[in-house]
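Notes to accompany the following structure.
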Amino acid sequence: MAKIPKQIVFIYRSLPVLSVIHVIIPVIMWLNKSTLVASIKTSSPGLSKAQIASYTNIALNAGIVFHLIFAFAFIIMAKPIFKGSKKARTRLTIWLVINSLASLLSFYFSPMFRIVIPPLDVFQLLLVVILWMPRPSQSFFKFQAGQARD
């Protein structure tokens, strides 16, 4: 097995951090439910209390599902990335890009995480660049593909 480049080690160590962030976000949403309610009231002033409660629950439940799916995906991709799986590299790239695009929607619709979303998106897109651009990363995935089936 080829020496694992520091770029891949960095990604391998970053994925659990992203997973933890995705577990923490729904907790913060739940603890700051009043901020979510206020945001819904502001964006749709004609809603009844029942509608606001319903939309709040939908947003919280969707947030929980969304973030837990990403937390799980990032955890399960760490090991295949570390082993040099080209398929895992492609899948992780797709997950990171989808996550960044989805967080842009959150940025637009909810002020709760506006301070966190831009640096997190930049970090995730940096991971995509690290997966594909540096020569050590390219060589690692090329070499590993020749060693074992992907």
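Observations, loosely collected:
- Of all the residues in region 102-127, those that are surrounded by fewer than 14 Cβ atoms within 10 Å (Cβ to Cβ) and acidic (D, E) number 0.
- Region 40-52: number of residues that are loosely packed, with under 10 Cβ neighbours inside 10 Å and assigned to a loop (DSSP other than H, G, I, E, B): 3
- Failed item in (1) out of contact with any Lys or Arg (no Cβ under 9 Å at 6 or more places or on another chain); (2) in contact (Cβ under 8 Å) with a residue 12 or more places away in the chain; (3) over 30 Å from L31 (Cα atoms), with D121 passing the rest: (3)
- Restricting attention to region 1-35, the residues being within 28 Å of P111 (Cβ to Cβ) and either outside any helix (DSSP H, G or I) or free of Cβ contacts under 8 Å to residues at least 24 places away in the same chain (or both) number 6.
- Condition check for F113: in contact with a Ser or Thr (Cβ under 9 Å, 6 or more places away or on another chain), at pLDDT below 95 and within 19 Å of L18 (Cβ to Cβ): yes
- Qualifying position, being farther than 29 Å from P134 by Cβ and hydrophobic (A, V, I, L, M, F, W, C), among I11, I115: I115
- Among the residues listed as I81, I94, I75, the single one being touching a Pro at 6+ places or on another chain (Cβ under 9 Å), β-branched (V, I, T) and in a helix (DSSP H, G or I): I75
- Screening V37 against (1) surrounded by 15 or more Cβ atoms within 10 Å (Cβ to Cβ); (2) under 17 Å from the mean Cα position of the chain (by Cα) leaves a single unmet condition, (2).
- Selection within region 53-62 - surrounded by 13 or more Cβ atoms within 10 Å (Cβ to Cβ) and closer than 23 Å to S100 by Cβ: A59, L60
- In region 1-34, residue farthest from the chain's Cα centre (by Cα) [restricted to those that are of a type in the set (S, T, N, Q) and surrounded by 13 or more Cβ atoms within 10 Å (Cβ to Cβ)]: N32
- Check on V65, loosely packed, with under 15 Cβ neighbours inside 10 Å, more than 25 Å from P5 (Cα to Cα) and not polar (S, T, N, Q): yes
The values are calculated or read from the model by the stated rules, or taken from the named source; none is laboratory data. What you see is a predicted model, and the numbers here were worked out from it, not measured in a lab. Positions of Cβ are backbone-derived with ideal geometry, glycine not excepted, and every protein chain shown enters the neighbour counts.
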